[in-house]
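The structure under discussion appears below in the form of structure tokens.
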Amino acid sequence: MRKKIFDFLSKWAVEHPLRTITVFGLISVVCLVIGAKLRITTRWSDLLPQKDPSVQEFNRIIEQYESASSIIIVIKGEENKIKSFADEIAEPISALKNIKHVVYKINTDFFRNHGFMLMRTKDLKNFADIFNNLNLEPMLKGINNNLEKTYVYSEDEERLSTKQKTDEAIMLIESIKFWLCL
């Protein structure tokens, strides 16, 4: 069947070259017009039904907070120099076109007053178990029990891979080591 179609098309193209060029020229123009209206988007929410309430809410949040268009700049150096540089550069950057706001300082008062509300209940309970008694031996036992519960005997629905568990446990132990050496 396919051979018959290709034979017909090749015979027709040889016998009617002007018509062939005209037909394919028109097809090309139609494709160009349709192609000009295409646009590329990288948002996964564009793949979802736009009438769905959760998709509409997600789009509303993205429009308000513009997370996709945020830029993070990291500066490395001495703390005092970095702070003075950030103070100097924040205002000129804020004055640039299309820059809505610049955040270069963290509101630590907010975290002091509301930090525990940002944590999961399970994590709060773990911290209460660890820091129940601030003497060194009971606290180290609490840390050890928490490590075993979290990384060894975890039956959490958010199961971690073995490599991820190992990496997080090592980071926690390193931070304890750093804290003890202060």
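For the reader, a short list of remarks on this structure follows.
- At least 15 Å along the helix axis (C-alpha) and Kyte average at least 0.5, DSSP helices within the chain: 17-36
- Simple point charges give the picture: +1 on the Cβ of Lys and Arg, -1 on the Cβ of Asp and Glu, and for the chain a dipole about the Cα centre of about 1120 debye.
- Summing Lys and Arg as +1 and Asp and Glu as -1 over all other residues whose Cβ lies under 12 Å from the Cβ of G115 gives a net charge of -1.
- Farthest positive-ward along segment 32-124 dipole, Cα basis, beta-carbon charges - from T108, Q50, L96: Q50
- For the residues I106, I170, I130, a GNM of the chain with alpha-carbon springs under 10 Å puts the largest fluctuation on I170.
- Accessible area of the chain belonging to carbon and sulfur atoms, whole % at 1.4 Å probe: 63
- Range in the chain, longest, excluding exposed GluC sites (Glu not before Pro) [loop by DSSP; at most 14 other beta-carbon atoms within 10 Å]: 79-154
- Residue (of N59, F8, V29) at the positive-pole extreme of segment 1-127, dipole from beta-carbon charges: F8
The values are calculated or read from the model by the stated rules, or taken from the named source; none is laboratory data. None of these values were measured; they are calculated from a predicted model. Note: ideal-geometry Cβ built from the backbone for every residue, glycine included; neighbour counts use all protein chains shown. Note: areas computed on protein heavy atoms with side chains; ligands, DNA, RNA excluded. Shrake-Rupley method; radii C 1.70, N 1.55, O 1.52, S 1.80 Å.
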